[in-house]
Ligand code: NAD
């Protein structure tokens, strides 16, 4: 027996970065896993299901198809998200609506569609991918931070609403993670290597977080070993939120 034997998991944004690492980690520990993503191409035995979390009909259809393929749902990892840079003066209302629609409403839609299946599970858990941006006051990230602040509050509210149904809800707050998303940001920088070094230096551990480290934290919160943990967050940020170091 392995930790996730018999567990059926759905991971949104499961075709890349943190989501793909999470899907592979859960699979490696015995779960069956469906990846819901704009990109349905994942290697078997992961099950790829096309879904756009900004479209309610697409989400309902994808969650139903995933549940059919898996025979139910025990674990939902709400991970799909997009970035945004700028101060409040830099993003217009349409951009605010677009990012909140994916990062916040996307989790609402997927959770709403998955709850009937989670209620049937003896090991139901939801893990949301939040961010250091929810609590840290990062410059030039007003919209993204607001979206992740909402994810943090949503996590706590959902945990309260569903605890008596036996459904646990928690989130992870990663720092800067070495995913294709961050790769794209670095590629767009004038000096990618200098930018990478600056991002690494921002974290007290002096390096970027790996997707596998975030996946391990998500697996902990999704699995039976964390059965007494609900309504909280786990920082996976190289000490960024918690430590106050003296300047070198
Ligand atoms: P990524 O770009 O590598 O992967 C994101 C995946 O989400 C992609 O496969 C993409 O196709 C999918 N996706 C995007 N929009 C979607 C939509 N509308 N419907 C369905 N799927 C969609 O990004 P990542 O770095 O792995 O980020 C994953 C999550 O982690 C996001 O919620 C992000 O906010 C969060 N996060 C990332 C970092 C970081 O430094 N990379 C830090 C903190 C939090």
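Here are 190, 161: which of them is more than 15 Å from the ligand (Cβ to nearest atom) and either farther than 30 Å from residue 60 by Cβ or not assigned by the TED database to the domain that holds residue 36 (or both)?
None of the other options fit; the residue is 190.
Check 37, 43 and return the single one that is over 19 Å from the mean Cα position of the chain (by Cα) and in the same structural domain as residue 127 (by the TED database).
43
Please go through the stretch 22-36 and pick out each residue that is in contact with a strand residue (DSSP E or B) (Cβ under 9 Å, 6 or more places away or on another chain) and surrounded by fewer than 24 Cβ atoms within 10 Å (Cβ to Cβ).
Across the stretch 22-36, the qualifying residues are 24, 27, 32.
Look at residue 86 and say whether it is touching a residue at least 40 places away in the same chain (Cβ under 8 Å), in contact with a helix residue (DSSP H, G or I) (Cβ under 9 Å, 6 or more places away or on another chain) and at positive phi.
In short, yes.
Can you tell me which residue in the stretch 207-224 is farthest from the ligand (Cβ to nearest atom), limited to those that are more than 26 Å from residue 118 (Cβ to Cβ) and in contact with a helix residue (DSSP H, G or I) (Cβ under 6 Å, 6 or more places away or on another chain)?
My answer is 207.
With the condition being closer than 24 Å to residue 235 by Cα, I'd like the helices (runs of 4 or more DSSP H) fully within the stretch 28-133 carrying at least 1 qualifying residues.
Of the helices (runs of 4 or more DSSP H) lying wholly inside the stretch 28-133, those with at least 1 residues that are closer than 24 Å to residue 235 by Cα span 93-100, 106-118.
The values are calculated or read from the model by the stated rules, or taken from the named source; none is laboratory data. Bear in mind that the values here come from a model prediction, so they are computed numbers and not experimental data. Backbone-built Cβ (ideal geometry, glycine too); neighbour counts: all protein chains shown.
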